[in-house]
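Q: So that we are looking at the same thing, I have put the structure below in structure tokens.
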Amino acid sequence: MSGAKGRKYEKKMKHQPTSVTFHTGDPGVSSSKNYNGAGAQQQERKYGGIQPQRDQPWTPSSSFKHYHEQSHYRDGQTSQGFPKYITATTFAQARAAEVKAMLKAVSNKNSNSQVFQALPKHMRRRAMSSNVKRIPRRLRAIAKRELEKASQQKKEQSKNKSRKARRRHGNLLLEFNRRQRKNLWLETHIWHAKRFHMVKKWGYCLGDKPTSKCYRACYRAMTKHCLLQDLSYYCCLELTGGENELLKALARLTNRETGLTFAAVGCLSGKKQGSLVLYKAEKYPLEPLGPVTFLWKPKKMSEDRQLWIWFHPALKQDLIPQLKTVCQCGEPVVQSIPLPEPSTVVSTVEEMPEPVSVGSKRKRKDGTPLEEITVKKFIREKTSPTLIPACWKSQTTGIVLRDLTLEILRYRLIGPLSHSVLSDALYPASLCKIFHSQHEKHCSWWPEYCNEDNLFLHERQQNLFQLLRGIASPAEISAGTVLGLVVDDPRLTLPRKRTKSMPNLSMLPDFEKVRQLTVEGITDETSASPIWDQAVRDDVTRSKISEQELNRMKMEILVPGSRLDLGAKESKIPILLIHQSGKLTGQECLGWGSGWDILIPKGWGMAFWISLIYRGARAGGLQEGLKHSQHKGTAHFPDDFPDCAAGMRFSGEQKKELLDKYKRRPPSKRPNYIKHGSVAPFLCPWQQLVEEWEMILKIEDERGVPEECRGALPAPESSGEQMSKGVKVKCADEEMKGSPGAADFSILRNRTVLKQISAWCLPTSGKGKRANCPASFSRQQIPSGAALLISAHNPRCLVWTRLSLLKKGSPTSHALICIPDPGDIQMLCADLTFCGPQEPKHKDHFKKKIKELKKKKLASSPGASCKVQGIGCSELPSKLISGLWPEPLPSITSHCTRVTIGFVLRGDFSLTAGCGEALGLVSVAGLLHMLSQQSSDRKGLVLVRNPASLQYRFARIMVEV
Amino acid sequence: MAENRGGSAQSLHLKPEWEMDPAEYTLRKRLPRKLPKRRNDIYINMKTNFRTQLTRCQKLLDSGQFTDICIHGLGLAVHRAINIALQLHANSFGELQISANTSTVELVDDLEPEVDHVEPITQIRSNSAIHIRVFHAASKA
């Protein structure tokens, strides 16, 4: 019987009574049953040994004869002793048991089916499950009982309120607040939750990727149209204080070698956004914290400066303590805000239009003052940030550190059409006509703000913003430009349907002005915006007219569809537009992926989001952000920063996730990484890599082999083998110490060194030599002294590289980057179709061990007495996973036939370049070692091999600065 | 896009003979200004295959939608634009005619500071461009 059939049969027999047969050890009993008609009587007669009176009419001879024949025949068949008699009691008992079992089987139906389900097909009727009268009368009683039982169960389950009650606005908000106790929601959460796969990360619920299939569509949006991302989860810290004090304090976290710092002239004036990598105080080049972007408030007469630092939430727990120590901000400032003050406790949910409008049909008197309702609402909101002090002050330096996370929202627009989307969605605020009617409570800040200077500024900002419409791509504006603006309520100018904004050819602005904007950029006055002022932000958030109110007013307009004129009630929202540069480095696709960021005061998220979406922007999630940075060729935090604490945490989590996924498959259905020669397919052992390369260099130095005589392969391999033991010892030592916390390696961020390495990576002759590179950096054969010097200075350094595959193949993460043999390169020169060498299959020595262990375990498991032994066995295999190297890894560099210098962080087929591309980290020592041996026209060629493949593929390595 | 090697760097803020100090600045070239494009405009670049660009032009002409097409080339791509136009002319056996215009395109370079105390600079540099109109001989008459 096949498996499925067997299971079905078993299921069927499960509810059957087990002891149908009454075993008397007498086969004759059962066989007698099929004896025709009077079998039982006959048996009774013969077993009883009594001559029945009823048989008399028959001819005795024939009957006797027949009887004899039968008995003979049966004897022959059963070949057992035929009982001469039976006892009536046992026989009756046996029958009784049978009858009982039969009755039980009939009365007891399958437990998981209802009565009407057990009916034969021809007796079934529609709606039998709900209507008892559809069931045959004899079964009605049972069915009724079943129905009642089911309804009772249902009632017990749903103790909650009715759906209508649950969906009531207030209850819904309470429920939402309960659900975001652990992970905060962004203002656009509900919009995203309907369309995206949501993930819980860094204390937020974030949209990972859209549920629709849109990989290409999102790419196209980035290249040709506009992609919109909600980056409100980014943290913002505000530092206020004297300029000198701030710069002095922050200088301890930065280093001039890595490029511009907080003191850069262009950024200090406030007209540009800067970005840099922070280090722990005076720890450079070790212990980096992570990348941040910063923005100075444009200078005014007053002494105090304001600085915003924007960073990823994964960085928050490391950065804030560092900043506090650097600024000597000790005591937290208790924000003296009374409880009903709505500004601090505005929730993220309150502004959602969908939940508010759905099911909130409560009748409300029009006379109710708006303020009262809003306050009521606000009190219900969550007040989580108030528990943690979000403000610190220093007595000595006077610096105030304030956490503005979720106070200011940040949306990112990527793509060439972001200009037209922005200029369609946002309308610069109309001027305040009624200066003197300040008794109006709403929008109190705007009339005050409208003095002569500010009006002049507003007009200039407005003109500049109009000019943006005439610029076809954000790549034509200098990177990091900041433009302040005050705009009208975007809900008033919302189109009725989703449209796609395209550049309007008839409304092209003056060419000369556009040219001036692109060349001279934006002057620092125009980057000022009232959004910097806390009071204004609060006022704007508070004075927002609710969606419901707005819709009601829209309904009451005389001409449907015309623009609503709110007069003085209309809110004016200060925003900040920040230019994001696209691809800056490399030769191809320059300016790809540039766009604008909008900063909006909180509470207005949904209004702006819908307005942008209705102009044809496509929404993207975390995955799209990752792809954007990958095509742009920049590192993404925290994925690509394994030297930062946040990056280490990330890679640890990633390893766990990948390992779980790997273990879910049976060994025969997953790659055997040992056979593929991939030592660490889930977590790149950077520490071991840099240590091994340091050792290789040391050994070479000791040997003092001249550069020319050094063979390409034997030196590192043999040395690798020599040192593999050393490394193992070292690893063991470190384990003994038990200090795996801080990384002993770092990523090279010294720009001069990077530029030098970048120049060396380019081929100096042949096809690619035309690539422009600064003339000052020598592009000739690498002077061995300089290379040695660099690698000696940075023995444990890694460097970010971009790899673009020459031919087929798309690299995946954790792929190996190896040095090609001279033979490989010769093959490539000779045969243009040569894809790359193959790694011979490795042998899996652990397979046998695992098998043995399994056998032992099996042997020990059935007996309960061997349990102790079994536990002893199970400890070992927890480390041994079939197909993976167990913990003390072998030497990484010399494990395969080609010498490994690094690993790929992220790779994929790049739609911009049309070939496989990857971002990888390689050891500086290894890279320089490789470059010093390669001939000038084939410089920078490496081999890339995916962890689940034996095929090496050629790739060109580039260090982009 | 085409690389621009010949154009002499002309500083906007400083004297023309000013030389960039690589220790202070990094040169970043911006893309040339993108203008609205009609369907019969073809921008020639150096990355796409020559033959592909030629067939694209040929198809546009053969489609019958347009009586003329415009081929634009900038900098290094000027000679390729000329080549394509001449090829089209030669392949048509006198049916197509060409007329060329040259122009100068202003390109913008950013000089990004490497050290804190210098201001970012924007330079304007000129490069030559060619615009070739290829049209059917009959349509002109």
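Q: For peptide A:469-482, compute the average count of partner chain beta-carbon atoms within 10 Å of each residue's beta-carbon.
A: Average per residue, whole number: 3.
Q: Report, by chain and number, residues whose modeled amide H sits under 5 Å from the one on A:Phe903, excluding near sequence neighbours (fewer than 5 apart, same chain).
A: Counting only residues 5 or more places away or on other chains, the set is A:Ile817, A:Leu921.
Q: Same structure, new question: What are the residues whose amide H is under 5 Å from the amide H of A:Gly484, where those residues sit 5 or more places off or on another chain and H is modelled from the backbone?
A: Correct list: A:Ser527, A:Ala528, A:Leu577.
Q: Still on this structure, I have one more. Carbon and sulfur atoms: what percent of the 1.4 Å accessible area of the stretch A:597-662 do they account for?
A: C and S atoms contribute 51 percent here.
Q: Quick one: compute the contact order of the stretch A:235-339, relative version, from alpha carbon pairs under 8 angstrom and 6+ residues apart, as a percent.
A: This gives 30 percent for the stretch A:235-339.
Q: Then there's this: What do you get for trypsin sites (Lys or Arg not before Pro) in the stretch A:207-282 restricted to DSSP loop and a cutoff of at most 13 other Cβ within 10 Å of the site's Cβ?
A: Listed in order of number, the matching sites are A:Lys213, A:Lys224.
Q: Kindly provide the chymotrypsin sites (Phe, Trp or Tyr not before Pro) of the stretch B:29-115 that DSSP labels as loop, not H, G, I, E or B, and whose Cβ sees at most 10 other Cβ atoms within 10 Å.
A: Details: sites: B:Tyr43, B:Phe50, B:Phe66, B:Phe93; in loops: B:Phe66, B:Phe93.
Sparse-neighbourhood loop chymotrypsin sites (Phe, Trp or Tyr not before Pro): B:Phe93.
Q: Sticking with this structure for a sec: For the cross-link pairs A:Lys544/B:Lys37; A:Lys655/A:Lys843; A:Lys201/A:Lys248; A:Lys283/A:Lys602; A:Lys121/A:Lys164, which exceed 31 Å when the distance is taken from alpha carbon to alpha carbon?
A: Result: A:Lys544/B:Lys37; A:Lys201/A:Lys248; A:Lys283/A:Lys602; A:Lys121/A:Lys164 exceed 31 Å.
Q: If you plug each phi of the stretch A:209-226 into the Karplus form 6.51 cos²θ - 1.76 cosθ + 1.60 with θ = phi - 60°, what whole-Hz ³J(HN,Hα) values come out, in order, with x for Gly and Pro?
A: Taking θ as phi minus 60°, the curve returns 8, x, 6, 7, 7, 8, 4, 6, 4, 5, 5, 4, 4, 5, 7, 10, 10, 8 Hz for the stretch A:209-226.
Q: What ³J(HN,Hα) values, in whole Hz, does the Karplus curve 6.51 cos²θ - 1.76 cosθ + 1.60 give for the stretch A:757-763 when θ = phi - 60°, with x put for Gly and Pro?
A: For the stretch A:757-763, the Karplus-derived couplings read 5, 4, 5, 5, 5, 6, x Hz, x marking Gly and Pro.
Q: Quick one: what are the phi-derived ³J(HN,Hα) couplings along the stretch A:879-892, Karplus 6.51/-1.76/1.60 with θ = phi - 60°, whole Hz, x for glycine and proline?
A: Once rounded to whole Hz, the list reads 8, 8, 10, 5, x, 10, 5, x, 3, x, 6, x, 4, 7.
Q: Considering Cα pairs under 8 angstrom that are at least six residues apart, work out the relative contact order of the stretch A:115-156 and quote it in whole percent.
A: 31 percent
Q: Amide H of A:Leu184 versus every other amide H placed in the peptide plane: which residues, excluding those fewer than 5 positions away on the same chain, fall under 5 Å?
A: Close amide H contacts, sequence-distant or interchain: A:Tyr204, A:Cys205.
Q: Could I ask something else about it? In the stretch A:115-156, what is the volume of the convex hull around the alpha carbon atoms, normalised per residue and reported in Å³?
A: 64 Å³
Q: For a Förster distance of 30 Å, can you work out the FRET efficiency between the beta-carbons of A:His122 and A:Lys144, rounded to the nearest 0.05?
A: 0.85
Q: Here is a follow-up. Take the residue pairs A:Lys200/A:Lys297; A:Lys583/A:Lys675; A:Lys280/A:Lys879; A:Lys272/A:Lys324; A:Lys316/A:Lys627 and return only those whose Cα atoms are more than 31 Å apart.
A: A:Lys200/A:Lys297; A:Lys583/A:Lys675; A:Lys280/A:Lys879
Q: Let me ask something else. Taking the Cα-to-Cβ direction at B:Thr52 and at A:Lys283 and moving 7 Å from each Cα, how far apart do the two end points lie in nm?
A: Distance between the two pseudo-spin positions: 4.8 nm.
The values are calculated or read from the model by the stated rules, or taken from the named source; none is laboratory data. Please read these numbers as outputs of a predicted model, since none were measured by experiment. Neighbour counts are summed over all protein chains in view; Cβ atoms, including those assigned to glycine, are modelled from backbone coordinates with ideal geometry. Ligands, DNA and RNA are stripped out before the accessible areas are found, and what is left, the full protein with its side chains, is counted by its heavy atoms. Shrake-Rupley method; radii C 1.70, N 1.55, O 1.52, S 1.80 Å.
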